[in-house]
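The values are calculated or read from the model by the stated rules, or taken from the named source; none is laboratory data. Quantities reported herein were computed from a predicted structural model and do not represent experimental measurements. Don't worry about glycine lacking a Cβ; one is built from the backbone with ideal geometry, like all the others, and counts go over all protein chains shown. Only protein heavy atoms, including side chains, enter the accessible area calculation; ligands, DNA and RNA are left aside. Shrake-Rupley method; radii C 1.70, N 1.55, O 1.52, S 1.80 Å.
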Amino acid sequence: MNMTQKMTAEFLGTLWLVLGGCGSAVLAAAFPDVGIGLLGVSLAFGLTVLTMAYAVGHISGCHLNPAVSFGLWAGGRFPANELLPYIIAQVAGGITGAGILYLIASGNADFSLADGLASNGYGQHSPGGYTLTAALVCEVVMTLFFLLIILGATDERAPQGFAPIAIGLGLTLIHLISIPVTNTSVNPARSTGPALFVGDWAVSQLWLFWVAPIAGAIIAGVIYKFFKPQQ
């Protein structure tokens with residue numbers, strides 16, 4: 001596959017992740033009487049990754065996340081010269097997905113960007129009121145384990161064909177744990193899209209949702225090298 005094909009796959013995949021995951025939170029989580037709640041939103045994020053892994057995994061590897069790209073690079077699975085193109089495509093996809101979600105959500109008279117458009121936050125903008133320190137630790141650790149799942153499930157020694165299921169369920173579990181803390185990022189592109197539309201506090205807190213996931217992912221890549229077969 002050439003780089004244009006890979007970037008297009010990453011753009012579309014990340015768009016779907018933000019539209020599907022954040023869309024479930026904005027449009028369906030608290031819908032009267034049939035709201036899907038935290039469980040449904042968590043599953044929605046997992047399903048976006050699972051479905052796209054089967055759809056575009058053979059084209060781009062289905063990173064859909066700058067932290068994943070950094071983690072795979074740190075683990076020796078991804079070339080450094082492809083990092084920037086992938087990240088550009090992922091962020092563009094995240095912004096476009098958030099834009100589509102905004103257009104849909106704003107069709108409801110009760111919609112307000114003050115509700116956050118599923119943006120990530122800490123302190124008073126954490127769903128559960130968690131501090132900056134708690135949010136930082138949570139995002140680093142959750143991303144670390146997400147990358148360990150990805151690296152392990154896609155290892156050539158692992159059972160073949162099941163990686164998307166493990167990765168999708170892993171992301172679901174991460175959301176079940178951490179939505180109350182930060183609204184769950186583990187993905188700078190996912191955080192950037194909604195934040196740019198909300199502005200204000202969402203943009204001012206966005207730095208954490210770049211720094212923490214990338215740090216956690218790089219740590220995971222270094223750790224996974226320990227499990228490589230000895231020569």
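Could you report region 132-231's accessible area per residue, 1.4 Å probe, as an integer in Å²?
45 Å²
Report Rg(Cα)/(2.2 N^0.38 Å) for the chain, keeping two decimals.
My calculation over the Cα atoms of the chain gives 0.96.
Out of the total accessible area of the chain (probe 1.4 Å, heavy atoms of protein only), what percent is carbon and sulfur?
69 percent
Give the share of C-alpha pairs in each 5 angstrom bin for region 95-166, from 0 to the last occupied bin, in whole percents, shortest bins first.
Histogram of Cα-Cα distances, whole percents per bin: 3, 13, 14, 11, 13, 17, 14, 9, 4, 1, 0.
From the helices alone, meaning DSSP H stretches of at least four residues, give me the mean residue ellipticity at 222 nm for the chain, per-run term -39500 (n - 2.57), in deg cm²/dmol to the nearest 500.
Taken over the chain, the calculation gives -21000 deg cm²/dmol.
Taking the 0 to 90 degree range and rounding to the nearest ten, how far is the long axis of helix 132-153 tilted relative to the main principal axis of the chain, both from C-alpha atoms?
In the chain, helix 132-153 runs at an angle near 40 degrees to the longest axis.
By its C-alpha gyration tensor, with a ≥ b ≥ c as the square roots of the eigenvalues, how is region 98-231 shaped: rounded for a/c under 1.5, else prolate for a/b larger than b/c, else oblate?
Because a/c hits 1.5 or more and a/b exceeds b/c, region 98-231 counts as prolate.
List, largest first, the extents of the alpha carbons of region 144-206 along their principal axes, each in whole Å.
46, 20, 16
Roughly what angle does helix 188-198 make with the longest principal axis of the chain, taking Cα atoms, 0 to 90 degrees, to the nearest 10?
Result, in degrees: 20.
Which whole number of Å³ per residue matches the convex hull of the alpha-carbon atoms in region 172-231?
About 97 Å³ per residue, rounded to a whole number.
Per residue, what accessible area does region 1-72 have, given a 1.4 Å probe and all protein chains present, in Å²?
Heavy-atom SASA per residue in region 1-72 reads 42 Å².
Counting only chymotrypsin sites (Phe, Trp or Tyr not before Pro) that are in a DSSP loop and have at most 11 other C-beta atoms within 10 Å, tell me the longest site-free stretch of the chain.
Between exposed loop sites, the widest span is 1-161.
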